[in-house]
Protein chains: 2
Amino acid sequence: MTFKIPRSKNKRIVIVGAGFGGFYIANKLKGKGFQLVLIDKNNYHQFQPLFYQVAMAGLEPSSISFPLRKNFRNDADLFVRVADVQEIRVDQKCIVADIGMLDYDYLVIATGSVTNYYGNDQLKRNSIPLKSVSEALYLRNRILEDLEQSVRESTESLQNKLLDIVVVGGGPTGVELAGSLAEMRKNILPKDYPDLDFKLMDIYIVQGSKRLLPGMSEQSSTVAYKYLQQMGVQVLLNTRVDNIESEKVSLSNGSTIFSKKVIWAAGVMANPIKGLPSTSYNEDHRILIDEFCKIKEVADVYAIGDVACQISEKYPYGLPGIAPVAIQQAKYLSDHLLRICSGTESKSFPFHYTDKGQMATIGRHKAVFDWKKLHLKGPVAWLVWLLIHIYYLVGVRNKIVVIFNWVWSYIFYDHALRLNIKPYKNE
Amino acid sequence: MTFKIPRSKNKRIVIVGAGFGGFYIANKLKGKGFQLVLIDKNNYHQFQPLFYQVAMAGLEPSSISFPLRKNFRNDADLFVRVADVQEIRVDQKCIVADIGMLDYDYLVIATGSVTNYYGNDQLKRNSIPLKSVSEALYLRNRILEDLEQSVRESTESLQNKLLDIVVVGGGPTGVELAGSLAEMRKNILPKDYPDLDFKLMDIYIVQGSKRLLPGMSEQSSTVAYKYLQQMGVQVLLNTRVDNIESEKVSLSNGSTIFSKKVIWAAGVMANPIKGLPSTSYNEDHRILIDEFCKIKEVADVYAIGDVACQISEKYPYGLPGIAPVAIQQAKYLSDHLLRICSGTESKSFPFHYTDKGQMATIGRHKAVFDWKKLHLKGPVAWLVWLLIHIYYLVGVRNKIVVIFNWVWSYIFYDHALRLNIKPYKNE
């Protein structure tokens with residue numbers, strides 16, 4: 001097998017990764033006189049901010065995923081390839097993937113991040129990640145399976161282990177998950193499982209630092225904390241998970257939680273491609289880029305999004321690994337590449353990140369939103385959160401389906417997709 | 001683990017299987033003074049007639065599945081259990097499942113049917129079934145994977161094997177699949193895969209007998225045949241599949257098709273539970289029932305739907321294994337059980353099957369519908385087909401979502417869900 005992409009008269013830009021960075025730059029550059037090759041391991045773009053709603057049976061994977069070929073179907077000199085890129089050969093200006101080699105004129109690395117277990121394999125083995133729609137579906141199935149099993153268990157201590165859920169990590173994903181679980185416990189599960197006592201179900205959120213949502217303002221952290229407490233979530237601050245065994249979580253404060261389900265939302269790490277000079281990676285394996293999103297000392301190779309580390313005065317440790325950074329870098333880099341190719345490149349147009357605010361939703365009418373000195377909470381922040389997510393979701397069909405699901409859940413206090421559909425395997 | 005269901009003052013009816021038969025009878029009997037226990041391997045009811053649309057990326061599994069606990073959530077003396085029933089012990093009046101034993105006052109077996117490979121393991125290994133939403137999703141993924149791979153193949157003969165699809169079986173499932181594949185090939189795939197030549201993609205339907213849709217009228221068979229021919233499907237009648245190797249299908253007419261994808265829609269067989277007297281099963285393993293849906297010589301055990309064989313003058317080989325039979329038997333049996341318990345049972349109310357017609361859709365505006373001497377085809381039959389399927393689909397939400405998807409596909413000639421979401425596995 002090969003990439004089988006014939007050279008055209010246009011310069012070839014190879015984009016690796018179809019997350020926010022890769023997907024947006026491909027969209028901006030299409031039809032602009034380049035040959036584009038967009039490579040991803042999956043045949044779809046996935047909308048990470050709503051993974052937790054898939055896990056909570058509120059949305060289908062398809063509602064927050066978008067087929068790449070459908071998006072780029074009308075572009076003559078654009079090629080989508082489902083492949084795993086393993087290496088860059090900068091001297092030959094080519095990449096090596098599982099399906100063959102491909103040379104580039106310009107290369108954009110947008111491979112994002114993966115779950116960070118901090119090198120601890122036991123944490124990985126005994127917890128559930130949430131960095132893809134597949135993982136979100138897996139979590140959904142696990143929750144449903146454990147509920148079914150707990151119905152059949154004869155002792156409360158066995159039921160307890162099956163019902164309790166530990167969320168590790170107090171960032172937006174962790175907070176949104178914990179809040180969402182608390183709402184399910186209150187509104188949905190007691191009706192579905194009348195023979196279970198949901199007082200037995202404890203939801204923990206474990207955060208290593210002294211506040212939740214450390215990327216947001218202190219006000220918002222406090223509000224999120226209060227919301228979760230109101231909803232009956234046990235918030236453990238300044239607490240680290242030392243170890244996870246199959247049904248036991250050991251915490252840094254010496255205590256132990258017995259639970260079969262630990263969700264690992266405690267951090268991500270860059271997912272770089274190897275082959276760049278070792279000086280191009282920082283100690284966290286992020287790829288160091290300059291103010292033009294270019295990798296220093298490597299010709300024509302750029303990186304954007306979570307995988308990249310762009311240091312500025314305001315961000316001495318690099319820009320945060322969040323979607324708005326990836327999107328803005330994608331837009332910037334597309335303009336930059338157009339300028340280079342039209343010969344109007346100028347060193348006077350470096351990238352500037354505009355902080356468009358940060359937000360997290362905890363539950364119905366409960367959200368926090370920071371934008372510079374503005375701090376919103378409650379129903380207003382919640383509405384802003386809904387609208388912004390709909391705006392950034394790809395595809396008119398997906399927007400309609402997500403709005404429909406949200407309205408349905410809102411009216412009926414219901415997450416409709418409580419299906420444990422196991423994958424089929426042909427033996 | 002146990003069933004953990006306490007006896008109430010009501011008589012206990014155990015229903016095994018939540019397909020059309022089991023789901024409908026549970027719905028009819030709920031709140032009528034019984035203790036109901038509904039057992040299925042999955043936590044949802046699935047709508048079999050639309051599996052093929054899931055496989056064709058036109059519908060999500062969730063749109064044609066309905067969570068059992070949600071449906072029965074307001075019923076005090078009704079228990080849903082996800083379990084695999086392995087045996088009936090008629091003398092003890094109990095069933096044995098993977099989660100324990102449970103005694104019954106009345107037992108309803110509605111375990112349906114499974115794919116029939118006629119004892120040939122090689123057929124099973126090398127073909128794809130379509131008897132569950134999981135299998136439908138698997139087929140969707142396989143089609144998408146093979147398309148991606150064929151883009152990368154360097155020779156037309158390799159591409160051919162990946163693109164060609166053989167549908168074995170000319171019943172409704174086979175005909176609907178073949179038609180749907182032909183529409184995808186015409187309307188969707190060339191736009192998604194501009195670098196593939198879809199003239200290379202052949203769609204075969206192989207039927208052992210002399211006409212398609214043998215359960216319908218000859219007129220309808222002829223119309224279906226013409227439709228499929230118009231759409232470019234290769235229809236092979238009077239042809240049997242002798243063998244399937246990994247990329248090669250050997251036919252009874254001596255010819256061979258080279259294809260990696262063979263869809264097995266060539267028949268089903270009953271999926272009975274063991275433990276009944278051997279005289280209760282016929283040679284096809286269907287459970288023989290009398291005109292009251294009761295198993296002869298076994299007290300208080302009933303069977304309905306595909307698993308049951310009910311012989312009458314008009315149907316000397318038993319009623320056909322189709323949804324309307326299961327639904328009518330479910331309605332009948334619920335009334336019958338109510339009569340027994342109220343002491344008004346009378347041998348003068350046997351079950352009568354009312355033929356409500358049969359139908360199959362082949363493509364846009366192309367369907368056939370038989371009802372007694374009425375034979376519809378074309379747009380009228382197609383509309384009837386759509387309306388009847390929406391009517392029988394469980395759940396208002398599902399009806400809305402399916403209508404939305406159909407309208408979307410109709411307007412845009414698009415199946416929106418072309419996502420290959422692989423299951424997550426925690427190593």
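Every number here is computed from the coordinates shown, using simple stated rules; none is lab data. Everything numeric in this text was worked out from a predicted model, so none of it was measured. Here the Cβ is made from the backbone with ideal geometry for all residues, glycine too, and neighbour counts use every protein chain on show.
Expressed in whole Å with the largest first, what are the equivalent ellipsoid semi-axes of the protein assembly as shown derived from the C-alpha gyration tensor as the square root of 5 times each eigenvalue? Each step should come with its number before you reach the end.
Details: eigenvalues 482, 268, 94 Å².
Semi-axes (√(5λ), whole Å): 49, 37, 22.
Test of understanding: ordering A:His389, B:His352 by Cβ neighbours within 10 Å, fewest first, what list do you get? Each step should come with its number before you reach the end.
Numbers: A:His389 19, B:His352 10.
Exposure proxy ranking, most exposed first: B:His352, A:His389.
Taking the label point 7 Å from Cα in the Cβ direction, how far apart in nm is B:Ser252 from each other copy of itself, listed shortest first?
Computed spacing set for this position: 7.2 nm.
If we sort B:319-326, B:407-414, A:360-367 on the protection proxy, mean other Cβ atoms within 10 Å, highest first, what's the order? Walk me through the numbers before you get to the answer.
Values: B:319-326: 20.0, B:407-414: 14.5, A:360-367: 23.2.
Final packing ranking: A:360-367, B:319-326, B:407-414.
Between B:Glu313 and A:Lys248, how many nm apart are label points set 7 Å from Cα along the C-beta direction?
Calculated label separation equals 7.3 nm.
Nearest 5 is fine: what % of DSSP beta bridges in the protein assembly as shown come out antiparallel, could you say?
So the antiparallel bridges amount to about 50 percent of the total.
For the range B:260-362, calculate the relative contact order in percent as a whole number, restricting contacts to Cα pairs under 8 Å that are 6 or more residues apart.
19 percent
May I ask which residue of A:Ala416, A:Phe349, A:Ile390 lies farthest towards the positive end of the charge dipole of the range A:344-427, with charges of +1 (Lys, Arg) and -1 (Asp, Glu) on Cβ and the Cα centre as origin?
Result: A:Ala416, furthest along the dipole toward the positive end.
Can you tell me the dipole magnitude for chain A around its Cα centre, using point charges on the Cβ only (Lys, Arg +1; Asp, Glu -1), in Debye to the nearest 20?
Numbers: 52 positive and 42 negative charges, 226 e Å.
With Lys and Arg at +1 and Asp and Glu at -1, about 1080 debye.
In the range A:236-344, which chymotrypsin sites (Phe, Trp or Tyr not before Pro) are in a loop and have at most 14 other Cβ atoms within 10 Å, using DSSP for the loop call?
A:Tyr317
Mind pulling the angle between the C-alpha long axis of helix A:378-392 and the longest principal axis of chain A? Nearest 10 degrees, somewhere in 0 to 90.
With both axes taken from Cα atoms, the answer is about 40 degrees.
In nm, one decimal, shortest first: how far is the label point of A:Thr155 (7 Å from Cα along Cα to beta carbon) from the matching points in the other copies?
6.5
Suppose every Lys and Arg Cβ carries +1 and every Asp and Glu Cβ carries -1, with no other charges. What dipole size does the range B:121-266 come out with about its Cα centre, to the nearest 20 debye?
Computed about the Cα centre, the dipole is about 380 debye.
What is the spin-label model distance, in nm, from B:Leu374 to A:Lys347 if the labels are put 7 Å beyond Cα along the C-beta direction?
8.2 nm
Can you give the relative contact order of chain B as a percent, counting alpha carbon pairs under 8 Å and 6+ residues apart?
Relative contact order, chain B: 19 percent.
Determine which chain B residue has its Cβ at minimum distance from the rotation axis mapping B onto A, giving the value in whole Å.
Nearest Cβ to the rotation axis, residue and whole-Å distance: B:Pro423, 2.
With Kirkwood's inverse mean 1/r over C-alpha pairs for Rh, give me the Rg to Rh ratio of the range A:67-107, two decimals please.
Working: Rg = 12.0 Å, Rh = 11.5 Å.
In the range A:67-107, Rg relative to Rh is 1.04.
Can you sort A:Val233, B:Val394, A:Val133 from fewest to most other Cβ atoms within 10 Å of each residue's own Cβ?
Listed from fewest to most nearby Cβ atoms, that is B:Val394, A:Val233, A:Val133.
If you filter the range A:107-197 for chymotrypsin sites (Phe, Trp or Tyr not before Pro), then keep DSSP loop positions with at most 16 other Cβ within 10 Å, what is left?
Answer in residue order: A:Tyr118.
Looking at the range A:121-264, what % of its DSSP beta bridges pair antiparallel, to the nearest 5? Could you put the intermediate results ahead of the total?
On the way: 7 of 19 bridges.
Beta bridges within the range A:121-264, antiparallel portion: roughly 35 percent.
For the range B:121-266, what's the relative contact order in percent, using C-alpha pairs closer than 8 Å and at least 6 residues apart?
Over the range B:121-266, the number comes to 32 percent.
Step through the table entries B:Lys41/B:Lys356; A:Lys32/A:Lys294; B:Lys294/B:Lys314; B:Lys93/B:Lys314, compare each Cα-Cα distance with 23 Å, and write down the pairs that go over it.
In this structure, B:Lys41/B:Lys356; B:Lys93/B:Lys314 exceed 23 Å between Cα atoms.
Tally Lys and Arg at +1 and Asp and Glu at -1 over the other residues with C-beta under 9 Å from the C-beta of A:Leu200: what net charge comes out?
-3
Along Cα-to-Cβ, 7 Å out, sits the label point; list in nm, shortest first, how far the one on B:Asn187 is from those in the other copies.
For B:Asn187, the inter-copy label distances come out at 3.6 nm.
Can you tell me the dipole magnitude for the protein assembly as shown around its Cα centre, using point charges on the Cβ only (Lys, Arg +1; Asp, Glu -1), in Debye to the nearest 20?
1740 debye
I need the phi-derived Karplus couplings for the range B:40-48: 6.51 cos²θ - 1.76 cosθ + 1.60, θ = phi - 60°, integer Hz, Gly and Pro marked x.
Result, ordered by residue: 9, 6, 10, 8, 8, 8, 10, 9, 4 Hz.
Given labels modelled 7 Å from the Cα in the Cβ direction, how far is it in nm from B:Lys9 to A:Phe258?
Those two pseudo-labels are separated by 3.8 nm.
Show the residues, 5+ positions off or on another chain, whose built amide H is closer than 5 Å to the amide H of A:Cys309.
Correct list: A:Ile287, A:Leu288, A:Ile289.
Return the average number of partner chain Cβ atoms within 10 angstrom of each residue Cβ along peptide A:65-74.
5
Treating each Cα of chain B as an identical point scatterer and ignoring solvent, apply the Debye formula and state log10 I(q)/I(0) at q = 0.14 Å⁻¹.
Rounded to two decimals, the profile gives -1.33.
Using the 10 angstrom Cβ neighbour count as an exposure proxy, how do B:Met101, A:Met231 rank, fewest first?
B:Met101, A:Met231
Assuming a ≥ b ≥ c are the square roots of the Cα gyration tensor eigenvalues, decide whether the range A:220-274 counts as rounded (a/c under 1.5), prolate (otherwise, with a/b larger than b/c) or oblate.
It is oblate, given that a/c is not under 1.5 and a/b is not larger than b/c.
Per the Cauchy relation, a quarter of the hull surface: what is the mean projected area of the convex hull of the alpha carbons in the range B:121-266, in nm²?
Averaged projected area of the range B:121-266's Cα convex hull equals 8.5 nm².
Taking the 0 to 90 degree range and rounding to the nearest ten, how far is the long axis of helix B:396-412 tilted relative to the main principal axis of chain B, both from C-alpha atoms?
It is inclined by approximately 10 degrees.
Where does helix B:133-152 land angle-wise versus the long Cα axis of chain B, in degrees 0 to 90, nearest 10?
The angle comes out near 10 degrees.
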